[in-house]
Amino acid sequence: MDEDREHAATASDETGDDTRTGANADGAAGASTDDPVYYFISDLHIGGDEELEHVEFLDELLAFLQDLETTDENAELIINGDAFGLWEFTRVDGIEKFHALVDRYPQLFEQFEATGENTPITIIPGNHDYELAAYEAYVDLFSEYNVSLEQEEAITREVGDRSIWIEHGMQRDPNNRIPDFGNPHANPLGYYINRRVTAQAGRLSELGRYNWLKDIQAVAPLERIPEWLISKYFYREMHPLLRYAALPFLFLFNLSVLLLLVVLLDFAGIWSRPFAALEGLTARLGTVGSAVEIVAAVNLAVIALLVLISIPLYFVVTDIRRTLDRFGIVRTDEPDPGNPDEPYLEAAREVFDDHPETAVFIYGHTHRPSVTELQDRLVVNTGTWLKRLHRREPFLGLLPAVFYPSFRLTYVRITPAPEGVAVEYRDIEKSDPVREELTLPERLVTRSPTIETSIPERTIVRPDAPVATDLEADGQTAQTEPTATDD
């Protein structure tokens, strides 16, 4: 496999050229117009109760479909799971959810119909729209809009003398695995979490001081939801007087820890000079010094209280985790968080062994766009079009973390090439809503994350399969992440 890191997409952004689908881009060079060209997107999560019905990327999606409507390529668009958020509908059931989608997004379905006349559109079920696999009537309903619904866990497509393995990926996730695929009542744990948490958040979001609760589906991993809720409460929902009264105590918390160390050194008779210097400084500052002393005293009392309760609390939390693990609600044997994609890489290894003609294993589900070289083939994640949140720690103090919003609207284009199979990763430009969604205090106490990408724009899987040069080694992943200081 050889990597050709073209910069056509970046250059076009700078010059104003349209690179939404790349139908006429250089990436198609060398390929006949009769050769198949496959476009992949996933995890759109369109639909849901109340505020979840708003699709922030609808304009970009319509433009993408309009480009495919007019392309002269032998193209097919494949949406590999979670095109729709059917789990998030709680007031309609079964086939009625389809009619709710058509009623709420008439432009989208009209565009599906128009695009499908020129470019075939195929959808496979994910977990959030698993019901598409459970009711045969969905097949006929989608066909009316020129969309082919394949009620399968995985499908394949031929590209030259190789093939592409396509799935959503939920079957590799213990919390979202469908135990009896095709059974409308075979719902995993994730279904009930979404019904109780995500759908409820969509109904309640507009009741807040700001419409933020609907973004709960952008929080990943799920373990960060409590921290995100605390953050949004502090910066958005807390009464301003309480917030600004608490700011000095929280912002100076780190300083208070340092003061505690100085006091302990003096009390133990180890080193008294810092304490004497501190007393002299606060005396010279007058009223300001007295205020700092009061804040420090309160913080020291809080620190002492935290120390007292931390030891018994540790044992209680540990016991709770063991109990949740016994009930299968929280697993302690899940993949190492340092490599959360390992279950999908293992699945790809099995596919490559059982189907050696497979050049690319493509999936979605995790919302983490990536390209991984594995056994001289590629494992590709199609990302998500949903908003993503990046956690940032404040500069100082004990202030809640800030979650910066961003979009990365990605699609994958796969086509035969003279050297083998070409896999192209493309972005659709959409500005990040930082100023609209973050308060001034949130922006002041943190530094905006710099989103860096190491995903090559174009990768060739060769028949003789030499190792890629820009993907470091077998199993190494190129993906979009914040800088190293971000979470």
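The values are calculated or read from the model by the stated rules, or taken from the named source; none is laboratory data. Since we're looking at a predicted model, the values are computed, not measured. All Cβ positions, even for glycine, are placed from backbone atoms using ideal geometry, and neighbour counts span all protein chains on display.
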Given (1) within 26 Å of the chain's Cα centre (by Cα); (2) over 22 Å from residue 176 (Cα atoms); (3) modelled with pLDDT under 90; (4) outside any helix (DSSP H, G or I), residue 10 misses just (4)
The one condition residue 169 fails out of (1) surrounded by fewer than 17 Cβ atoms within 10 Å (Cβ to Cβ); (2) touching a Ser or Thr at 6+ places or on another chain (Cβ under 8 Å) is (1)
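How many residues are at pLDDT 80 or above and of a type in the set (Asp, Glu) if we restrict to the range 451-470? Give the steps one after another, and end with the answer.
Here is the first cut: in the range 451-470, the ones at pLDDT 80 or above are 455-463.
Of the ones still in play, those that are also of a type in the set (Asp, Glu) are 457.
Counting residues in the range 451-470 that are at pLDDT 80 or above and of a type in the set (Asp, Glu) gives 1.
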Given (1) within 18 Å of residue 81 (Cβ to Cβ); (2) of a type outside the set (S, T, N, Q); (3) within 11 Å of the chain's Cα centre (by Cα), residue 347 misses just (3)
